[in-house]
Structure formats: C-alpha cells, structure tokens
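The values are calculated or read from the model by the stated rules, or taken from the named source; none is laboratory data. Just so you know, these numbers come straight off a predicted model, no measurement behind them. Methodologically, a virtual Cβ is constructed for each residue, glycine included, from the backbone with ideal geometry; neighbour enumeration extends over all protein chains shown. Heavy atoms of the whole protein, side chains included, go into the accessibility calculation; ligands, DNA and RNA do not. Shrake-Rupley method; radii C 1.70, N 1.55, O 1.52, S 1.80 Å.
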Amino acid sequence: MTMQRQLEVLASPVFPAEELAALEPTIEAIEELKATRNAVILAHNYMTPDIYHTVADITGDSLALAREAARTDAEVIVFAGVHFMAETAKITCPDATVLIPDPEAGCSLAESISGADVVALRQRYPGVPIVCYVNTTADVKAEVDICCTSGNAVEVVESLGRDRVIFLPDRYLGAWVASQTDVEIINWDGSCMVHERFTGAELRGYRQVHPGISIIAHPECPADVLDEADYVGSTAGMIGWVRAERPAQVVMVTECSMSDNVAVEVPDVDFVRPCNLCPHMKKITLDKIKTSLETMTTEVVVPPDVAERARRSVDAMLAVTAAPIPQIA
Ligand code: 13P
Ligand code: SF4
C-alpha cells in the first residue's frame, strides 16, 4: 500500500486527524525498514487499525496467515499477532527470520495445554486421532495428528473419516464442531479469555435495543452465544460475511478491533461494538513493530526436531483445506 493510500484510509472517521499526523513518521520508518530488511508484516485481524490499515502487507485469520507464511520469499517475517501464530509462521517457513514485536503476547488457549498433556491423552484414548486448534504451542502441534483453525475445524475433523476424535484445547470451539458433525468429539477444557465473557443474554439485549440487528460470532464463544448468532465463523469468515451481506446494523461478537478495521471499508454498515479486548493482541503496537525491525528482536525460535514434527500437523491441515483468498492490505 502506498503512503498516500495509507493516509487516505487513515483519514476515515476511525482516526482523529491529530492521531494521523502523529503516526506518519513511524509508518514511514517502518516502510523503510521493511525494504532494507526484505521483510513482510503479517497482521492478524485483531490488530488495531493503525497497524491493520497501514504497515501490514497481509492481513487475515490464523489460516490465511499460516498459508502466507508458508509461501513467502521474504527473509524476515514480522508477525503482528500472538506468539503461537508467530511460531506457526516459523514452522511453515523455517528459513525466514520470524520476529514478534512483543514476546509476551500469549494466548489463554495456548497456555491451557502442554505437549505432555497430549501424550497422556494418547495413552488414555489409544488409536483415537487428535486434532489441535492452531491456538497451541509448537510442542502441542508436534504431538497431534493434524491442526485446524476456526475456519476449517469441521472440515478437518471430518477429513479423518473416524467416528471419534479428540479435539483440543478449546471446549467451546469443540462443542461447536460437535454441533456441526456426526463425529463424536472428546473435548479438552481450555477457553479463550476474550470470547468466553460474551453471554446469550447480552446478545438478546442487543436484539431488544436494536431491532433487526445482525449478530455474527466467533466459534470460540459459548454455545448460548452461538445459538443467538445469524452467522458463526472465523475472523476472516466474519469479515467476508459483512462485506457480502452489507447488513444495515451488525454486532461482531469477537475482539474489539475487528469492527474498527472493517468499518473503514464498509461505511454504509452501522457497527454496534461490544468491547472485549484481547490483552495479548493489544501488546503489539506500531512503535514495537518499528523497534522489532530496527533491532531484529524478538526472534521466534522453535527447536528443529519439534518444528519438524509440528510441521507435519500444520501441513496435514493445509492439505485438506481449500485455499482461502488472502486479504492483501
Ligand atoms: P481466527 O483464526 O478466526 O482469526 O481466530 C484466532 C483467534 O485467536 C481468535 O481469538
Ligand atoms: Fe487467544 Fe482469545 Fe486472544 Fe485469540 S482472543 S489470541 S484465542 S486469548
């Protein structure tokens, strides 16, 4: 995206003019560093608009970003997202230097299970295939049969052709998958600290106050929330739904920044914004991205033997899933 285009996007009502002027030098510095380092910035849909609409080269959900990492020829990947996503990029693109602007950007789901827990599950359920959500560490990915994301979880589970599958670590995503398939799901007890806070009662409240509103939700939400939704899908799925359906009014039941990001491109849609911030995603800032490229920190390292085994589960997922259309920023 050219600097001129970036500034036009930023001039939309999402950005106050004084904020825009203040951002300009940092954006310019990052663009120069990207060129010098032969770097690409992959940014998750939960990044704030100042990152999402400016320095990001590719934006997307976990699935699209994993695919992009696998096929980039950049020497450096700066991952504007959380640690497990940067690890996935390192697993799929081992020759690149992968940087995360804040190594403390974690995830409550990734923290809920270890590789040793998966080994114990295998002993408890011999012969039952194990699917892990991409929101897991490389150690966990190394122990499972196949990965999935929220965008392809049902497809991946059904691709195994088995009656019973272990699904980890998100109990809500697991329950949602179970509601969409005849395959029996054995769940783990993890949850997303952002999505588990939404309630069905809250959404019924939106419908009372805003008659006719569309409700779209991420499948990490509890079942009573998903029951109220007109559409359930990954972050990219939710964005695609709004682009295609152009509802007069919509509530995106997910992390706050999503509505801010999409609002820029669909000014005709009125967004009612529930605000549940992901404190991990919000650790990534424009200033930290600049520092990351200046100092080449913090490099994401995955031990080669773990990366090799984890890569098999990620590749298995990429092989069963139809390629999504990446969002080129
Ligand atoms: P998506 O894969 O749908 O982008 O979700 C990732 C995530 O962390 C949602 O909380
Ligand atoms: Fe993890 Fe939830 Fe944050 Fe996504 S929103 S990164 S699942 S804590």
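Remark on I146: its backbone amide H falls under 5 Å from those of I130, C132, a criterion applied only to residues 5 or more positions apart or on other chains, H modelled at 1.01 Å from N.
Sorting L293, L318 on solvent-accessible area from highest to lowest, probe radius 1.4 Å, gives L318, L293. Pairs over the 21 Å Cα-Cα cut-off, from the set K141/K282; K141/K288; K34/K141; K34/K90: K141/K282; K141/K288; K34/K141. T36 sits with roughly 110 Å² accessible to a 1.4 Å probe, with DNA, RNA and ligands left out of the calculation.
Based on the Cβ-Cβ distance of E19 and D227, what FRET efficiency does E = 1/(1 + (r/R0)^6) give at R0 = 35 Å, to the nearest 0.05? Display every interim value, and only then the final one.
Numbers: r = 39 Å, r/R0 = 1.10.
Between E19 and D227 the formula returns 0.35.
Distance from the Cα centroid of region 265-296 to that of region 136-209 is 25 Å (rounded to whole angstrom). Distance between the modelled labels on R312 and T199, one decimal in nanometres: 4.6 nm (7 Å Cα→Cβ projection). Taking a temperature of 10 °C and a viscosity of 1.306 mPa s, what whole-number D in µm²/s does Stokes-Einstein yield for region 191-293 with Rh from Kirkwood over alpha carbon pairs? In µm²/s, the coefficient is 111.
Dividing the helix sum by the residues of the chain, where each DSSP H run of 4 or more adds -39500 (n - 2.57), gives a mean residue ellipticity at 222 nm of -13000 deg cm²/dmol. Each DSSP beta bridge with both residues in the chain is either parallel or antiparallel, and the antiparallel ones are about 10%.
The chain: D in µm²/s via Stokes-Einstein (Kirkwood Rh, Cα pairs, 4 °C, 1.567 mPa s)?
On the way: Rh = 20.2 Å.
For these conditions, the coefficient is 64 µm²/s.
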